[in-house]
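The values are calculated or read from the model by the stated rules, or taken from the named source; none is laboratory data. Given the structure is predicted, the values throughout are model-derived calculations rather than measurements. Cβ: placed from backbone, ideal geometry, glycine included. Neighbour counts: every protein chain shown.
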Amino acid sequence: MESKSSSYTKKEWKKFTKTHLIEVAKSCSGKGDFYVNYRDEYNFCNREGILKEILKVIPRKRKWDKESLLEEAKKYSSRKEWMMNNISSYNTGIKLGYYDLCVKHMGKPKSFSPEKKWTYGKVKAVYDKYTNLVDLRENDSAAMSAAYFNGWHKKLSKNYIKVPNRKLKWTYDKVKEEFLKYDSIKELSKNNPTVYVKALKNKWLKEIATHMTKGYKKWTIEKLVEEVSKYPKTQLYKKCPAALQYIKRHKLEKQIFKK
């Protein structure tokens, strides 16, 4: 029986000459500039183990003055763009007191705080739709948060009635139904610890878990190849993390990911 193999192509990383790397490094104002604007070169240096050597070529911190700061800031249309591309000049502009002058051409900054949405009238209209806190919390939690924040909640909810707790009651039949969704005890305890503890406390575990194994799925080479072949390589970590962990732990990469 022929074993299945996955058809994945190995990613080709960009390669650069040392001369090119040195020229690029010399043009940068710092390590951050190199990392942000020349990410491929930066990663290549890291992979080849020559990052420290290339970083030494980057000129020492530039001495910024008013004219050079204004010249640098004019390259960018927003404060964020300036900060992301040249943090050295950005911070120096703040320290030397030229920041406002440097960002004058960028217009007004965007406010970091959200616009006020909830007025008392709007929150009251939401509260009036319900008769209890459970329904309010489930359907309009934003309005409820605004009421708490502004100190309106107690007044708006004074006529609310109390309702019984709606938490799901785990009976024997419901616990058994949940157990049937899993193939092993470990998987169940990880994904639904509440049900697992309920079964332990009520001594139902031996009766309900007869179809289960104690551990996770038992992997064979065939099963692993079949599992990873279902998805593109870029989605494996999301779609089948258990299989990937098993492959890595037992060093099966060459057998599973054959060219």
Residue ranges of helices (runs of 4 or more DSSP H) in the stretch 67-173 with at least 2 members at pLDDT below 85
79-85, 87-96, 133-139, 141-150
Of everything in the stretch 64-81 that's under 34 Å from the mean Cα position of the chain (by Cα), charged (D, E, K, R) and surrounded by fewer than 16 Cβ atoms within 10 Å (Cβ to Cβ), which residue is nearest to residue 101 (Cα to Cα)?
74
Return the residues of the stretch 25-50 that are of a type in the set (A, V, I, L, M) and surrounded by 19 or more Cβ atoms within 10 Å (Cβ to Cβ); say none if nothing qualifies.
25
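Kindly indicate whether residue 186 is in contact with a Gly (Cβ under 8 Å, 6 or more places away or on another chain) and outside the structural domain of residue 243 (by TED's automatic domain parsing).
Details: in contact with a Gly (Cβ under 8 Å, 6 or more places away or on another chain): yes; outside the structural domain of residue 243 (by TED's automatic domain parsing): yes.
Yes: the conditions hold for residue 186.
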Which pairs do you get when a residue that is over 22 Å from residue 90 (Cα atoms), found in the stretch 33-57, comes within reach of a residue that is among the charged types (D, E, K, R), reach meaning Cβ atoms under 6 angstrom, with the pair 6+ apart or on two chains?
40/14; 57/26
In the stretch 175-209, what count of residues is obtained for those that are surrounded by fewer than 17 Cβ atoms within 10 Å (Cβ to Cβ) and acidic (Asp, Glu)?
3
Output for Cβ contacts, cut-off 7 Å, separation at least six or different chains, first residue in contact (Cβ under 8 Å) with a residue 60 or more places away in the chain in the stretch 12-30, second surrounded by 11 or more Cβ atoms within 10 Å (Cβ to Cβ) and assigned to a helix (DSSP H, G or I), reads 29/88
For the stretch 174-214, enumerate the residues that are part of a loop (DSSP other than H, G, I, E, B) and within 28 Å of residue 135 (Cα to Cα).
192
Only one of 84, 106 that is touching a residue at least 40 places away in the same chain (Cβ under 8 Å) and surrounded by 13 or more Cβ atoms within 10 Å (Cβ to Cβ):
84
